[in-house]
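Before any comments, here is the structure.
The values are calculated or read from the model by the stated rules, or taken from the named source; none is laboratory data. As the structure is a computational prediction, the values presented were derived from the model and not from experiment. FYI the Cβ positions are ideal-geometry reconstructions off the backbone, even for glycines, and counts take in every protein chain you see.
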Amino acid sequence: MNDSSHACDVKRLEAIGWREWISLPELGIARIKAKIDTGARTSALHAFEVVPFTREGAPWVKFRMHPVQRDASRELMCEAAVVDERVVRDSGGHAEQRYVIETPVCLGGECWPVEVTLTSRDDMLFRMLLGRTAIRGRYLVDASRSYLIRKRR
């Protein structure tokens, strides 16, 4: 592939802002504010009281989460199949063993499967980070703007 054909591919990608509203329908999360974080390889979701269990011989986790930043009163209980466990380094360089789930992420009427690590983000402003592998080939990020995507009808 030459540089000119790559440039044409890039121009067709829609721009998203550095933060966007997304949904995680299989987790029962209709709307959550996500930081689009190209510095993070993997996406991360706020989770606490993460409990592993087995369903039909496969590893699963159930966890609680607060979907709204700065609001601990609203709480959801979620369940998902575990696809992996990984050591992830946070922005401070601290290593943490995390469960990895795969769940559809919906943005602007488009939905696609994304791997998401589960971690406590109580001290973070955003309950969800959408990492670069989740958006690669789908969107360009305009770091100067927010909420560029509106739900398509």
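For the reader, a short list of remarks on this structure follows.
- Taken over the range 41-74, the residue count meeting the criterion of being of a type in the set (A, V, I, L, M), at pLDDT 95 or above and not in a strand (DSSP E or B) is 1.
- Selection from the range 120-153 of residues that are under 14 Å from the mean Cα position of the chain (by Cα), loosely packed, with under 13 Cβ neighbours inside 10 Å and within 25 Å of residue 60 (Cβ to Cβ): none
- Filter result for the condition that a residue is closer than 18 Å to residue 31 by Cβ, of a type in the set (Ser, Thr, Tyr), part of a strand (DSSP E or B) and within 16 Å of the chain's Cα centre (by Cα), over 117, 103: 103
- Test for residue 141: is it in contact with a Phe, Trp or Tyr (Cβ under 8 Å, 6 or more places away or on another chain), of a type in the set (Val, Ile, Thr) and in contact (Cβ under 8 Å) with a residue 24 or more places away in the chain: yes
- Breaking point among (1) in a loop (DSSP other than H, G, I, E, B); (2) under 20 Å from residue 122 (Cα atoms), for residue 88: (1)
- Number of positions in the range 26-49 that are surrounded by fewer than 17 Cβ atoms within 10 Å (Cβ to Cβ) and not acidic (Asp, Glu): 7
- Cβ-Cβ distances below 9 Å connect the following pairs, each with a first residue in the range 28-54 that is free of Cβ contacts under 8 Å to residues at least 24 places away in the same chain, a second residue that is of a type in the set (Asp, Glu) and not in a loop (DSSP other than H, G, I, E, B), and a separation of six or more residues or different chains: 53/79.
- All positions within the range 59-111 that are under 16 Å from residue 22 (Cα atoms), surrounded by 18 or more Cβ atoms within 10 Å (Cβ to Cβ) and touching a Leu at 6+ places or on another chain (Cβ under 7 Å): 65, 67, 103, 105
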